[in-house]
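See structure below.
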Amino acid sequence: MWEGFTMIRAIVGTVAVLAGFAVLERSVDASTGHAGTCTPTNAYALLQRGETVPVRAEPTPQAATIGSLHGRGTLKPDQLRAKVTMTGSQAGWARIALNAQSSDYVADGAAATQPYGWVPADLLTVNARVDGDIGVHNRPGLLGRQIATIEGDDMKFRVLGCRGEWLQVINARHGSVWIDKWCGREDGCRS
């Protein structure tokens, strides 16, 4: 009798642990969860001529402005881009590395020594112009499932967040998904 009881307790314990993993997986979703870090990844913000993007000290619109992104390079007559390196995300914001030597970033006074700042993640863009396949997944990591493959397509994605080596993105064709490969240059990364 105790063997049956012990077996049931083991099964219930296993189910509870798996349910805990599912809750944890959802709770740290890049677009809504706690601050996470990711492999530094290049992305770019598309800006209208004369437009700037405030860079904040914290991931909220009320946080102090510590600088701004300015576009450079001509894509279209009135469109410029600002290149950034994203290193983390939280609640729809992207943490970017700040480089005072970059002509895309201008620091505000005393904030010139800050190594990181925050911008709305959906201002950033990456594209699918890469060599090889891009795996499109419903979530990152081991609990995710591949739902599509992109090969040789020139589509753009808006960034929502990141986790580890994964990027959460959105576009009209795939909706909100996680990808395992991308390009952070407007002209693409194909050889």
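Under 6 Å between Cβ atoms, which residue pairs at least 6 apart in sequence (or on different chains) link something in segment 144-157 that is among the acidic types (Asp, Glu) with a partner that is not in a strand (DSSP E or B)?
Final answer for the pair search is Asp153/Ala128; Asp154/Arg129.
Among the numbered criteria (1) outside any loop (DSSP other than H, G, I, E, B); (2) modelled with pLDDT under 95, which single criterion is violated by Asp187?
Against the list (1) outside any loop (DSSP other than H, G, I, E, B); (2) modelled with pLDDT under 95, Asp187 comes up short only on (1).
Which of the numbered conditions does Gly188 fail, given that it passes all the others? Conditions: (1) over 12 Å from the mean Cα position of the chain (by Cα); (2) within 15 Å of Ala45 (Cβ to Cβ).
Answer for Gly188: the failing condition is (2).
Need the failing condition index for Leu142 against (1) part of a strand (DSSP E or B); (2) of a type outside the set (Asp, Glu); (3) surrounded by fewer than 14 Cβ atoms within 10 Å (Cβ to Cβ), just the number.
Leu142 satisfies all of (1) part of a strand (DSSP E or B); (2) of a type outside the set (Asp, Glu); (3) surrounded by fewer than 14 Cβ atoms within 10 Å (Cβ to Cβ) except (1).
The values are calculated or read from the model by the stated rules, or taken from the named source; none is laboratory data. Only a predicted model underlies this, so the values are computations on that prediction, with no experimental measurement involved. Glycine also receives a Cβ, built like all others from the backbone with ideal geometry; neighbour counts cover every protein chain displayed.
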